[in-house]
Amino acid sequence: MKNLIALFYLVCFIYPCHTITSQESASVLEEKPENYKKRSPIYDYSEKHLNNTDTIPDFESKKNKLKITGTIYENDGVTPAKNVLLFIHQADENGNFELKRANKKRYVRHRGWIRTDADGHYTFYTFIPGKYIYGNEFKQILPIVKEPGKPEYKIETYLFDDDPLLTESCRSKIKQTDGSDRILKLDKKEGLYVAKRDIVLGKEIDSYAK
């Protein structure tokens with residue numbers, strides 16, 4: 001989709017394919033790799049030991065709190081995928097990508113990382129983003145996946161079922177092209193919205209190597 005969000009990606013997150021090693025799982029604050037500024041933001045987590053749950057900055061102060069859960073499966077669509085990194089970032093409630101800077105590298109403030117458990121499960125506590133303020137774009141959350149021993153890759157964005165821009169023709173096209181459940185259907189429980197998205201590794205990648 002040629003749009004301003006794609007341009008944002010090009011400006012802020014141009015990076016080469018890269019395979020994570022055990023040494024690189026250490027905090028970037030303790031040891032900054034030579035390719036730190038160019039590499040994917042999926043490697044910029046500060047925790048030494050990621051788990052399958054993360055909370056996006058400012059979650060507690062947001063009005064439309066959101067809990068996203070799901071299972072990541074191997075390419076067969078059946079076997080749970082363990083130790084998979086999933087990174088997301090998003091606009092704030094006003095549709096603005098709030099940029100920060102650390103170690104001379106720009107990043108989006110509202111972001112988070114998980115590593116799936118043995119059952120492939122993941123959970124994010126975040127909030128519903130606003131529509132991108134500089135374009136006629138969907139409300140969406142942008143993800144990147146990293147499997148053990150393989151380069152990272154982007155997958156289709158999380159969309160929202162109640163988005164007025166998500167017309168029937170858009171829904172039909174999404175179903176035909178990727179067939180994923182990336183359109184989140186929100187259910188409000190105990191003060192926050194709850195949604196689910198399962199992910200099949202490589203399903204959206206034509207050149208995926210099993």
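The values are calculated or read from the model by the stated rules, or taken from the named source; none is laboratory data. Quantities reported herein were computed from a predicted structural model and do not represent experimental measurements. Because the Cβ atoms are built from the backbone with ideal geometry, glycine has one as well, and the counts that use them run over all protein chains shown. Areas reflect the complete protein model, heavy atoms only, side chains present, ligands, DNA and RNA absent. Shrake-Rupley method; radii C 1.70, N 1.55, O 1.52, S 1.80 Å.
With a 1.4 Å probe and every protein chain kept in, tell me what percent of the accessible surface of the range 48-137 is carbon plus sulfur. Roughly 42 percent of what the probe reaches on the range 48-137 is carbon or sulfur. When the P(r) of the range 101-157 is calculated, the portion above 15 Å amounts to 66% of the C-alpha pairs. Extension gain for the segment Asn35 to Thr79, taken as residue separation times 0.36 nm less the Cα-Cα distance, is 12.5 nm to one decimal.
Rounded, prolate or oblate: pick one for the range 86-210, where a ≥ b ≥ c are the square roots of the eigenvalues of its C-alpha gyration tensor, a/c under 1.5 means rounded, and failing that, prolate if a/b is larger than b/c, else oblate. Taking the square roots of the gyration eigenvalues as a ≥ b ≥ c, the range 86-210 is rounded.
Please label the shape of the range 26-174 as rounded, prolate or oblate, based on the square roots a ≥ b ≥ c of the eigenvalues of the alpha-carbon gyration tensor (a/c under 1.5 means rounded; beyond that, a/b larger than b/c means prolate, else oblate). Oblate.
Going down the table (Lys82/Lys203; Lys48/Lys203; Lys104/Lys146), which pairs top 21 Å between alpha carbons? As for pairs spanning more than 21 Å Cα to Cα, those are Lys48/Lys203; Lys104/Lys146. Step through the table entries Lys37/Lys63; Lys150/Lys196; Lys67/Lys175, compare each Cα-Cα distance with 29 Å, and write down the pairs that go over it. Going by Cα-Cα distance, Lys37/Lys63 fall outside the 29 Å limit.
I'd like the distance between the alpha-carbon centres of the range 37-83 and the range 130-148, rounded to an integer number of Å. The distance from the Cα centre of the range 37-83 to that of the range 130-148 comes to 14 Å.
Viscosity 1.002 mPa s, temperature 20 °C: what is the translational diffusion coefficient of the range 54-113 from Stokes-Einstein with a Kirkwood Rh over Cα pairs, rounded to a whole number of µm²/s? Answer, rounded: 155 µm²/s. A convex hull fitted to the Cα coordinates of the range 29-79 yields 160 cubic angstrom per residue. Once both labels are positioned 7 Å from their Cα atoms along Cα-to-Cβ, the gap between Ala118 and Glu98 label points is 3.9 nm. A 1.4 Å probe run over the range 108-210, with the rest of the protein chains in place, finds 50 Å² accessible per residue.
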